[in-house]
Each structure stands twice: as C-alpha cells, then as structure tokens.
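In what follows, a structure is listed as structure tokens, so that the remarks can point back to it.
The values are calculated or read from the model by the stated rules, or taken from the named source; none is laboratory data. From a predicted model like this one, the values you see are computed outputs, not experimental measurements. Cβ placement follows ideal geometry from the backbone for every residue including glycine, while neighbour counts extend to all protein chains displayed. Areas reflect the complete protein model, heavy atoms only, side chains present, ligands, DNA and RNA absent. Shrake-Rupley method; radii C 1.70, N 1.55, O 1.52, S 1.80 Å.
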Amino acid sequence: MATTEVNPAKTVPSKLVLEHLSKWFRTSTLTVHALDDVTFRIAEGEFVCLVGPSGCGKSTLLNIIAGLERPDRGLVQADGKTIVGPGPHRLVMFQEASLFPWLTVLGNVLFGLKLINGVSAEERREKAEYFLELVGLKKFMHSNVHELSGGMKQRVALARALAPNPSVLLMDEPFGALDALTREQLYGDIQRIWSQHRKTIVFVTHNVREAVCLGDRVILFSPNPGRIREEFAIPLPRPRDINSVDLARYSTEITRVLKGYVQTEVAG
Amino acid sequence: MIARWLAAGLFFVLLVAAWYLAVKAHIWSPILLPSPISVADYVKSAVEDGTLWEATQVTVRRLLIGYGLGILVGLPLGLLTASSRWCQDTIGVLALGLQTLPSVCWVPLALLWFGQTEAALLFVVVMGTLWSLIIATDHGVRTIPPIYTRAARSMGSTGLHTWTHVVLPAALPFLLSGMKQGWAFAWRSLMAAEIYVTILTGFGLGHLLHYGRELNAMDQVIGVMLIIVVIGLAVDKTLFAPIEQFLHRRWGTARQ
Ligand SMILES: Nc1ncnc2c1ncn2[C@@H]1O[C@H](COP(=O)(O)OP(=O)(O)OP(=O)(O)O)[C@@H](O)[C@H]1O
Ligand SMILES: [Mg+2]
C-alpha cells in the first residue's frame, strides 16, 4: 500500500474552496448563527477531518458543500465552479439513518448507480455487489433495511455513498453507532479506498483520535457562532493504526486545545 | 395456522347457530327476522336464476369504474396539494370540507344534473371516493421524513424521478390506507346511490336490496347484505391484504 508522507494540500490544486461562508437559521422562535466567516481549501485527494462540539455547524457545512443548503454569505466552489446544487460527484453519508426502507439493501446501493448515465445493468449490479462485499454485507444484499443492526445500516450507507464513485465524499459522523472493533476495521477500509480511488474526503467526527487516525488535516470548530478555531496537519505515515503512540501524541494535543476553548466558552 | 382457521370457522358457526336459535325462540316475527335457512334458500335461488350474479357484475363494474376514476384524479391532486402551498389553500381546503359531506348527500344533486342515468351513479361514487383520497395522499406525502428526499437529491435525483422513486414509495403505506378507506367509501356511496336512484341500464345489488324492502322480502334483504359483506371481505383479502403484508415485511412494521 502506498504511504503518503507529504501534505497534498501543498502540491495539488484545490478541489473545494470555501471563502467567508456564513449561514443563519431563522425559525419563528430564534435565529441561530450556524456558521461565521468560514474559510478553507481542500486539495484534490485530501482527507480532512472536522472536529468540534455539538451544534457548531459541522453538518450544516457538509450540507453546503453537498449543495443541499445555500450559504447566506460567501463562496463555495468545487473544481473551480460555484456549487449551486447537489451532484453525484459529491455524495453525503448522513449523520442520521437515511436508507430507503422501501428498497432492499441491494436496491439502496443501486439507487445512486441508476442515476448515472451510461452504466449497464450488469455493471451496476457488479459495482453494487463489489461495494457490499467491501463493507462485509454481501450476504445481506436481499435483506430488508429494518432487518439490519444500526452498524450494518451505516455500512450499507457507506456502500451506497461509495458505489457511484464520487470524487468528493462527505461523511457526517459515519461511525457513531459502531462498536470499536468494526470501527477499526472500517478505518482500514476507508484509508484503503481513499488511497486507491483518490477521493477527496471531508469527515466529521466527535472523536479526536478517529480524526487524527484518518485525516491529513484536522480542523477544529467552536460553536456560537460556528467558526474555525485551529488547524492541525497530521504528517503521520499511512496506513495508520488508531492505537499507535505517535497518533496518541497528536490526539492528546488536539484534545487539550479543544478542552481549553470549550472551558473558556463555559466560563465566559 | 390451522388452529386460527378452526377458531374463526367456529366463531361464525356459533354466530349462525345463535341466529337460528333466536328465530326458533319466536322472539321476533319471522317476517322481521327470517331464519338462516330461508336466507340461504333465497341466495340459492337467486344464484340459480342468475339475478344475483348479474346484479353483482353491474355493481362491481360501477364500483371499479368510479373508484378507478377517484384514484386517477385524487392521487395527483393529493400530490399537488402536498407540494404547492397554493394548491393546499385551494384544492386542499375544498377536499377537507367536502370530505365531511356524507356521500348520500350527493344523490339529489346527481339526480338533478344527470337524471336517472349511469352517470349519476358514477358521479356519486367518485364524489364519495375522491376527497378522502386527496386528504390521505396529501397526508402521506407530508409525513415522509425529509432525510429521504435529501439523500435522493444528493445522489442526483431531481423532479419527476424524486416523485416516482422516493416520494411515492415512501408514502406508500399511507397511500394504501387511503385507498382502502376510499374503497370503503366507494361502496358506501354506490349503495346509497343504487338504493335511491332507479335506472334501467343496470340492476345492481343496491336495487335488489331496495326491492327486497318494497316486497317485504326480509330474506332477500339479509341475503343481499351478506353478499355485499362477502364481496367487501374478498376484495380486502385478495387485493389489499397482500400489498399490506408486503409493506409490513419491507418496513418492518408487522406485528407478530
Ligand atoms: N434546519 C434547521 N433549522 C433551524 N436550525 C438549524 C437547522 N439545521 C441546523 N440548525 C442549527 O444550526 C446549528 C448547527 O447545526 P449542525 O447540525 O450543523 O451542528 P453539528 O455541528 O452538526 O452538531 P452535531 O455534532 O450535534 O451533529 C445548531 O444550533 C442547529 O440548531
Ligand atoms: Mg451534525
């Protein structure tokens, strides 16, 4: 397996550009300033992890990149073009369960594939089975969604997001519902898929260790309003083991910073 | 499975036995409460001379046409009211209001507009079905968790594709219960119409019921009522139940 030691942000053109993004949610009872002046770039093939307390706008940011939500201010571009709507090149793996209960597991994975032109039925089927195999659920392809455990559903959602071969994968706390062992297995899978298929991945998590294990960069957010607080480059060789000592050093450091500003926030 | 069938069979046997005993006890005049045997005799003779078969055909044909029209118009209108605020404020409010109107209330108007024709009967059936179908469809579409359409949009689904591949299937459980309710309403309105509207183009079950009353033939009245119940049950078990079972299996909503 290839090891990536250089930070691709410095050598490759930007895949995603976000400049001075702001977003407000206005409801009848209150106005929430979800994102405030968020600016960053993500290089092609980069793996970026977003970390921050609950409510700091991480999901909102992913939705904006996906084109499902519009920013109130600022610029968001993919491949140099302003994002005006969703597209199969930027797929989201949602935080909440989003599999379609009226389709089987296979039907769910096929859904996105059927929306791509020029793929024959056999090819679709092959791809769907390949990705189900990848997440270890080929045996369950004819099962109904409600017959799967929470973690299995997340794996199907991962297969569904991977199958149309998007160049940008937006993952919103995808492994929140999984046990530690399955997670570790999927960390390996994700890193392999990422390096083999050269995907750009934006990955939201609450778990700092997970972020350090996966990301080329870890971006820390703070809430009220959602802002970028700090950025950390993680120049560790890959594939990374979540239990390694080097990794622990980074995650301890980041956790310290995170705790620091969460506490000042509470104190203030 | 067999035990369930046996239990159900026993229940109905007991029911008929109780009926028989009540007749034997002479509590009510046999003119008001005929014995199950005379009802069975009526049904037998009506089956043999063909009146029952013909009336059933006439009624079911009207039912299917009226119900079909109701669905054909009601489903799209329900989708419209769920997707556009303007349609909701207009068609939606109209449907909500007219839905509360018992379908028999359409009979005088239908008679004045269409006279004693087939069209009058169909009109009443459509009016009886349409509004509740619009409401059910509208409700079904509104109840869909937004995450489904978001997920579909993110995968590149738009417009018509989203409607046919996401909104409709996601709303299917609600659509089905709406269609079941619509079917019951269609029956109700057709029977009301047939009892009140005498026409020469076809003699339906409602007419048989009506003439049974005119002739004081209680065995005919009860016999026809039984037939109506049996048809209703048969349609439920053969048409709706399999779809319902499929939905329960897929969605995991079945109760064991
Ligand atoms: N559709 C919406 N309507 C109103 N407010 C919203 C909406 N979506 C998000 N918000 C608000 O925006 C803020 C950011 O929400 P978001 O879901 O992006 O947070 P998050 O960082 O993903 O949190 P978590 O880690 O808990 O998932 C929250 O305060 C939330 O209340
Ligand atoms: Mg979130």
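Remarks
- Highlighted here are the helices (runs of 4 or more DSSP H) found entirely within segment B:31-137 that include at least 2 residues which are charged (D, E, K, R): B:36-48, B:51-83.
- Subset of segment A:18-47 that is more than 15 Å from ligand 1 (Cβ to nearest atom) and buried (at least 21 other Cβ atoms within 10 Å of the Cβ) - its residue that is nearest to the other protein chains (Cβ to nearest Cβ): A:Ile42
- Restricting segment A:168-199 to residues that are away from ligand 1 (no atom under 16 Å from the Cβ) and part of a loop (DSSP other than H, G, I, E, B), the residue that is nearest to A:Ser244 (Cα to Cα): A:Asp179
- A:Ser149 vs. criteria open to solvent by 10 Å² or more (accessible area, probe 1.4 Å), closer than 22 Å to B:Arg250 by Cβ and free of Cβ contacts under 8 Å to residues at least 12 places away in the same chain: yes
- Any hit, segment B:159-168, residues being at pLDDT below 90, open to solvent by 10 Å² or more (accessible area, probe 1.4 Å) and in a helix (DSSP H, G or I): yes
- Tally, over segment B:135-168, of residues that are within 8 Å of chain A (Cβ to nearest Cβ) and either within 16 Å of B:Leu247 (Cβ to Cβ) or not polar (S, T, N, Q) (or both): 11
- Note on segment A:81-90: among residues that are open to solvent by less than 70 Å² (accessible area, probe 1.4 Å) and in contact (Cβ under 8 Å) with a residue 40 or more places away in the chain, the one that is farthest from the other protein chains (Cβ to nearest Cβ) is A:Arg90.
One line per residue, one yes/no per condition, for (1) open to solvent by less than 60 Å² (accessible area, probe 1.4 Å); (2) in contact with a strand residue (DSSP E or B) (Cβ under 8 Å, 6 or more places away or on another chain); (3) within 25 Å of B:Val224 (Cβ to Cβ); (4) free of Cβ contacts under 8 Å to residues at least 40 places away in the same chain:
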residue	(1), (2), (3), (4)
B:Gly92	yes, no, no, no
B:Ala95	yes, no, no, no
B:Cys105	no, no, yes, yes
B:Gly115	yes, no, no, yes
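- Among the residues making up segment A:200-210, those that are within 16 Å of ligand 1 (Cβ to nearest atom) and open to solvent by 10 Å² or more (accessible area, probe 1.4 Å) are A:His206, A:Asn207, A:Val208.
- Checked against (1) farther than 20 Å from B:Arg150 by Cα; (2) within 16 Å of ligand 1 (Cβ to nearest atom); (3) within 15 Å of the chain's Cα centre (by Cα), A:Ala66 meets all criteria but (1).
- A:Arg217 vs. criteria within 14 Å of the chain's Cα centre (by Cα) and either crowded, with 19+ Cβ neighbours inside 10 Å or within 15 Å of ligand 1 (Cβ to nearest atom) (or both): yes
- Tally of residues being over 30 Å from A:Pro237 (Cα atoms) and more than 11 Å from ligand 2 (Cβ to nearest atom) across segment A:29-60: 8
- In the set (1) of a type outside the set (S, T, N, Q); (2) in the same structural domain as A:Leu132 (by TED's automatic domain parsing); (3) away from ligand 2 (no atom under 16 Å from the Cβ), the condition left unmet by A:Ala157 is number (3).
- For the residues A:Ser98, A:Ser54, the requirement of being of a type in the set (Ser, Thr, Tyr) and within 9 Å of another protein chain (Cβ to nearest Cβ) singles out A:Ser98.
- Note on segment B:154-203: residues that are within 25 Å of B:Arg249 (Cβ to Cβ) and aromatic (Phe, Trp, Tyr) total 3.
- Of the helices (runs of 4 or more DSSP H) lying entirely inside segment B:186-256, those containing at least 1 residues that are open to solvent by 50 Å² or more (accessible area, probe 1.4 Å), without any contact (Cβ under 8 Å) to a residue 12 or more places away in the chain and closer than 22 Å to B:Ile65 by Cβ are B:218-235.
Quick grid of which residues meet (1) open to solvent by less than 40 Å² (accessible area, probe 1.4 Å); (2) within 16 Å of ligand 2 (Cβ to nearest atom); (3) in a loop (DSSP other than H, G, I, E, B):
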site	(1), (2), (3)
A:Leu62	yes, yes, no
A:Arg70	no, no, yes
A:Gln95	no, yes, yes
A:Ser98	yes, yes, yes
A:Pro101	yes, no, yes
A:Val119	yes, no, yes
A:Glu122	no, no, no
A:Pro166	yes, no, yes
